[in-house]
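This report concerns only the one structure given below.
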Amino acid sequence: MASQRKVLLKVIILGESGVGKTSLMNQYVNKKFSNQYKATIGADFLTKEVPIDDRLVTMQIWDTAGQERFQSLGVAFYRGADCCVLVFDVNNAKSFETLESWRDEFLIQASPNNPENFPFVVIGNKIDMDESKRMVSQKRAMAWCQSKGNIPYFETSAKEAINVEQAFQTIAKNALQHEVNVKIDFHDPIKIDSDTPDNNGCAC
Amino acid sequence: MENDPLVAQMEDFELEQSALFAQPKLLFTRPKVYVKTSADNKDGMPGFISVIETINYEHILSWTPEASIPGLDEDAYVDISSQGDGEAPPRSPNTRRSFHPSDYEVNIPLQQIYSLLVYPPRMKDRHGSIIVNLMGGESLPAFYFHDDANKGKGPSGGPPSWGGQELLQHLEQVSDIVGSAIEPGVYLVNATQADKVNHGSASPPQASISHPLMPDAKDATHDNESLYPKLDVVDPLRSETNISMGASSPKAEDTGVATATGPITIEGMRRRRSPSRTNQESSTTASPSAGSGPPGPFARPRTPLPFENHIDPIITTVKEMRWTVLERFSQVARFSRETATNILDHPITKQILPPHVQQRIQESEAAKRVMDDYDSARVYLAKWAAAVADQGDRERRELQAMDRLHSGSFPGRHSHASDKRRINDHEDEEGPLGSFNVLDLETECAMIHHTRTEPLSPMDWFAFFDEQGRLTVTEAKVREAVFRGGIDHDIRIEVWKFFLGVYPWNSTEAERIVIRATKIEEYFALKREWFDSAAVQETEAFQEQKLRIEKDVHRTDRTISFFASETLPNPSGDFTGVGSNENLELLKDILLTYNVWAAKEPTVSTTIKPATPEDSSNSTSSSLSSAPSKETNLLEGYVQGMSDLLAPVFAVMGDEVMGFWAFVGLMEKTKKNFYRDQVGMQSQLETLGKLIQTLDPKLYKHLEKCEALNLFFCFRWLLIWFKREFEWVDIMRLWEVLFSDHLSTQFHLFVAMAILDKHRDVMMDHLQEFDEILKYVNDLSMTIDLEETLQDAEILYRRLECLANKVDAKRLELEQGSTSSSGSAPESSVAAVPELPPALRRLLTQKK
Ligand SMILES: Nc1nc2c(ncn2[C@@H]2O[C@H](COP(=O)(O)OP(=O)(O)OP(=O)(O)O)[C@@H](O)[C@H]2O)c(=O)[nH]1
Ligand SMILES: [Mg+2]
């Protein structure tokens, strides 16, 4: 099948309802923020081409509903994930406190081969809001990430496009790493020409 | 069983049906195919060349200028074609203004094509071209295939893809194409035996197109310059062609090789051939010059610009179809871009790449990316195919409506355009009811019409009541009227109150005044429980619910003017910088009050037997009257999705109190969707699955193959009654039809089935994985035609009903005649008659 020819990285975004999962995904893929995204019902995904090192991979980013009620649905989508992004709202302590259960639930449902080494990335979102609103300090978040096997941690704003690109670069890298590890005998038949024009070669 | 004569008969019938109800298909399309518009214009006009299969299985070769596609973002198309050498396609505003791009459109049935002159790309003519010679002796201007991006330097040495070759191969699939042995580069289309003989192509085609276009190793070394050596040699008449076609044709020396007998022979053949063609094709399409046979050689084109479109009725239809399709295409493109799928950001997907083509172009840089984006490309292709099919559907419906008008039967009653084909589509896949063939099911259940009509007007409505304001017609009659046409918006505010349980059907106006007063009291009593209670508001549960509601309300229907403004500061601290308005605040209050109400609800037993799913409370044992069991209340207040359900109801009611009570009524119909254990959703999805399995076993099988049988891609549809799938005004119409409970309290499942039915061909042809289906279905949002969907849903309901009746009748017959009739086979015992799944039986029996 054609799918063997390409590198498709499946990324799952999890976290409480309203922390900004849909906004982050849209900011990353479409470089847009809107106050009018609707609460996610069911699941959807966007894909994006990402150059990583010398190869171009496709990230398939899954956005699921945050409300626990619908988690039974979400698990159908976890299968085959290459990276799991845990998102919380830095202005909402509860959204941070539930990260643990999101992580556990993911590991149970996706049952990756090597749960210890499964790549997670944690994102603390909405840092654009007034500092006085902040409920979860960077220190606290980082401590938790460290305790879970050094999960990379990013603080972002989907609204102001702060750090979103960086976070997803890491997500893509770690997902690719995972994909390569999982499929040791995986051989990508597509060789990228050295004269490949870098399509993302923006002058940034 | 398979060899049963009845089955064979069925298959014949199906064949017939499929011929009648097939949909037009886009078999192939290629962008960046240029036509020269004037000699000084270097490249000419870019466009799309396509092969279309009409509903009659006619095939059309079509070329549409990019410029005539409304709203097409040209920049978006530059990318791929210019990638090879950085040369952007020319823009010539002056030329553009001087003509109407649509003047250049080409739509030619393949029957009208006599031959093709093929000039593959060479060093001197990088693009390569194809000239189409018509039966009438005319030629179309050359089509230049600017597919630079796919050309050359394939690292693996594989053959590069040339658009002209692609086109030929697609034409070959739908017509007989043979290469002329005496005139290299000439390919006869659906040639007569005589033609073939004259071209030395009668016996095993030396020049069958699958081979000659592929680089031949031997020839390639022998002629370095040629990319496609075997086709170097072109028709001698090409030189004439060059004159009117302008530059960049093969050089004169290339043309000297072929024989001089060409034109004469061909002309002779053409004349012999034409008459037989005229009766194949309707006479209108036959070229006028065919009979008289002017001596002009076929390859001498007239000055082609702007060339004629060979207009005839069929072509006009096709043209219009194309137009609309391409217009929709551009809409799809824009829509997708806006809705943030990045499918279209990919240059290759912009070309609507047929899946099998990707094999051949993987050497190019762009192709690598399409490989990566293959799934997206497939979803995208599927979308376009759907648009084409949809157009065909529409036209057919219109035609049928016209027919019926002329034949004087019920206006407004059309049969389901394509139902027969779909439902008869059983040949090799048998659903649980596969053996219904025995029942002659298809023939008898096929001619079902819908009954949709105009909305209930205020006049109609008021005529239902006497002076006291009491209904004088039966409730059932009102339900039927609303089911069939919906309700005029002006009276929704009143009518919905009946359907949503605010007013009893048999109430008088005086009673309703009292009810309104009580409802106001009741509502504020409920609201006070939280509004006036600091203790309640301080609880964590309340805070959490409040936050959740606020978050969702601010994400609900903000594009609807009723909810759009930000005239109030947001009272909630959590939305800094995001304003609110009165109506949003009322939505929040209603939802918080509903939490209070829901907490008082009699709890529902969690032990819903899997065999009797969602509808236990609708059946005989009323859950309200029976003593509530002491189990958990499964609803537990606000759940995501409820704000979506509330918004239209509140907007129609226009005030907080009635908005609340109408919402309570709506929740009575939908609350099981929100139960914590999700059993309500699960059982609905299961029932829908059975519906698919019974009415469309092929689709079911396909979903199974895609591992999509969980039907999660329908989750959003069912959870909030298609709220995200239709525009605001359509939602009100759809919901009132669902409120009516006329045919079934579960009519929304037939609506779901109707949408799937509409897209089943596309899904089966193009989508192969669960995620592709999910994406495709999600992206149907806001593109679904409501009226058509409701028509189809009704027909699907009737079809199921017909099935059930057939089963019953058959059983009865077998039971009664088991002694008298000579049982033809052991299967024809009662036990062998399949039973409709109980869940589907319930769909038919649960109505008001
Ligand atoms: N200030 C600010 N607001 C944000 C940011 N990201 C998201 N929001 C807002 O937070 C709310 C929720 O955002 P979504 O992206 O819809 O949240 P979600 O995680 O997808 O929520 P669910 O779909 O319900 O699971 C919206 O009103 C957004 O506008 C951010 O970075 N800064
Ligand atoms: Mg979301």
Search the structure for amide H atoms under 5 Å from the amide H of B:G486, placed 1.01 Å from N in the peptide plane, and list their residues when 5 or more places away or on another chain. B:L456
Residue by residue through the range B:115-122, which ³J(HN,Hα) values in whole Hz follow from phi under the Karplus form 6.51 cos²θ - 1.76 cosθ + 1.60 (θ = phi - 60°), with glycine and proline marked x? 8, 10, 9, 10, 10, x, x, 9
Hey, can you grab everything whose amide H is under 5 Å from the amide H of B:K25? Only 5+ residues off in sequence or another chain; H modelled, so Pro and N-termini drop out. B:E53, B:T54
My understanding is that a pair violates if its Cα-Cα distance is over 31 Å; which of A:K48/B:K546; B:K758/B:K806; A:K21/B:K588; B:K671/B:K810 do that in this structure? A:K48/B:K546; B:K671/B:K810
Just to check I understand the Karplus step: with θ = phi - 60° and J = 6.51 cos²θ - 1.76 cosθ + 1.60, what whole-Hz values come out for the range B:659-673, glycine and proline as x? x, 4, 5, 5, 5, 4, x, 5, 5, 4, 7, 10, 5, 4, 4
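Order the peptides B:769-775, A:103-109 from the highest to the lowest mean number of other Cβ atoms within 10 Å of their residues. Before the final figure, lay out the partial values.
On the way: B:769-775: 22.3, A:103-109: 16.4.
The densest-packed peptide leads the list: B:769-775, A:103-109.
Taking beta carbons within 10 Å but only from partner chains, what does the mean come to for residues B:538-550?
1
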Vicinal HN-Hα couplings computed from phi for the range B:491-496 (Karplus, 6.51 cos²θ - 1.76 cosθ + 1.60; Hz; Gly/Pro x): 10, 4, 3, 8, 5, 4
Lys and Arg at +1, Asp and Glu at -1: neighbours of B:N506 with Cβ under 13 Å from its Cβ sum to -2
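If you count, for every residue in B:483-489, the Cβ atoms of partner chains within 10 Å of its Cβ, what is the mean? Please report the intermediate quantities before stating the final value.
Details: counts 0, 0, 0, 0, 0, 0, 0.
If you average over the peptide's residues, the count of other-chain Cβ atoms is 0.
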Run the numbers on chain A and let me know its relative contact order in percent, using alpha-carbon pairs under 8 Å that are six or more apart. 25
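So how strong a dipole does the range A:89-183 carry about its Cα centre when Lys and Arg Cβ are +1 and Asp and Glu Cβ are -1, to the nearest 20 debye? Working shown, then result.
Working: 11 positive and 13 negative charges, 24 e Å.
I would put it at about 120 debye.
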Interchain or sequence-distant (5+) residues whose placed amide H lies within less than 5 Å of the amide H of B:S139 are B:L134, B:R302
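For peptide A:68-78, what's the mean number of Cβ atoms from other chains within 10 Å of each residue's Cβ? Present the calculation step by step, with values, prior to reporting the outcome.
On the way: counts 2, 10, 8, 1, 5, 7, 1, 0, 6, 4, 0.
That average works out to 4.
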Would you give the gap between the C-alpha center of the range B:462-538 and the C-alpha center of the range A:74-94, rounded to a whole Å? 43
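Here, each number is a calculation from the coordinates, and none is a lab measurement. What you are looking at is a predicted structure, and each value in this text was computed from that prediction instead of being measured. FYI the Cβ positions are ideal-geometry reconstructions off the backbone, even for glycines, and counts take in every protein chain you see.
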